[in-house]
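This report refers to the structure that appears directly beneath it.
The values are calculated or read from the model by the stated rules, or taken from the named source; none is laboratory data. Predicted model, so just to flag it, every value in this text is computed and none were measured. Here the Cβ positions follow ideal geometry from the backbone for every residue, glycine too, while neighbour counts run over all protein chains shown.
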Amino acid sequence: MRIVRGFTPVDRPAIAALYWEAFGQKLGRALGPRDRALRFIETVLSPDHAFCAFDEDGRLLGVAGFKTLEGALVGGDFADMARVYGRIGAMWRLAVLALLSRETENVRFLMDGIFVAPEARGQGVGTRLLDAIAAEARARGYHEVRLDVVEDNTRARALYERVGYRAVARHSTGLLRYVFRFRAATTMVLDLG
């Protein structure tokens, strides 16, 4: 397995599909239907905000994204969204997604999504990607990494705890649970010191 910073244009469809597989349940009402969501995600993926794991044959195993003031793994703006969903579709989608957005801060480096191909789970891919995120945070001068995990994702939370993340806050989605299909998320932090 090799971990690389960024990806090539050829990798965009596989990354978009794997992202949708991981987060489509949560984002389906805001970004669906699937074909439009894949088209949108594929066009707005930022290689500057990603670490990718590939096997020796070049097959994508997983991705970890991060968010900075300069962008995120899955970014885009109104124009990007309007090209796929139309102006009205873009307006309401951006408003809904803004409710889910986690802002960057100067104190902690923000990991913004990790997803591993189902056939590669349990093989250390997630751990290697988390190590790459921690190394990037250190290189940028951060002392902590922050992430959010939905309460139902016990497998991911167990991985985070195994590598040293600790829960620091819980956020209820309230009525938004009907849109995003989860009741709460936990903020977790990794101390890099």
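Okay, residues lined up against (1) without any contact (Cβ under 8 Å) to a residue 60 or more places away in the chain; (2) hydrophobic (A, V, I, L, M, F, W, C):
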| site | (1), (2) |
| --- | --- |
| 12 | yes, no |
| 17 | yes, yes |
| 20 | yes, yes |
| 28 | no, no |
Q) Is region 78-92 home to any residue that is in a helix (DSSP H, G or I), without any contact (Cβ under 8 Å) to a residue 24 or more places away in the chain, touching a helix residue (DSSP H, G or I) at 6+ places or on another chain (Cβ under 6 Å) and surrounded by fewer than 16 Cβ atoms within 10 Å (Cβ to Cβ)? A) yes
**Q.** Verdict on residue 26 being within 27 Å of residue 127 (Cβ to Cβ) and surrounded by fewer than 20 Cβ atoms within 10 Å (Cβ to Cβ)
**A.** yes
Q) Are any residues in region 61-104 of a type in the set (Gly, Ala, Ser) and closer than 30 Å to residue 132 by Cβ, and if so, which ones? A) 62, 64, 65, 71, 72, 75, 76, 98, 101
Q: Check whether at least one residue in region 99-119 is closer than 15 Å to residue 3 by Cβ, of a type in the set (S, T, N, Q) and out of contact with any strand residue (DSSP E or B) (no Cβ under 7 Å at 6 or more places or on another chain), and report yes or no.
A: no
Q. When the residues of region 39-88 are filtered to those that are more than 14 Å from residue 12 (Cβ to Cβ) and of a type in the set (Lys, Arg), which remaining residue is nearest to the chain's Cα centre (by Cα)?
A. 67
Q | Among (1) in contact with a His (Cβ under 9 Å, 6 or more places away or on another chain); (2) of a type in the set (Lys, Arg); (3) loosely packed, with under 13 Cβ neighbours inside 10 Å, the one test that residue 2 misses | A | (1)
Q.
Please pick out the residue among 179, 125, 149 that is at pLDDT 95 or above and among the hydrophobic types (A, V, I, L, M, F, W, C).
A. 125
(Q) Just checking, does region 159-166 include any residue being modelled with pLDDT of 95 or more and either part of a strand (DSSP E or B) or loosely packed, with under 12 Cβ neighbours inside 10 Å (or both)? (A) yes
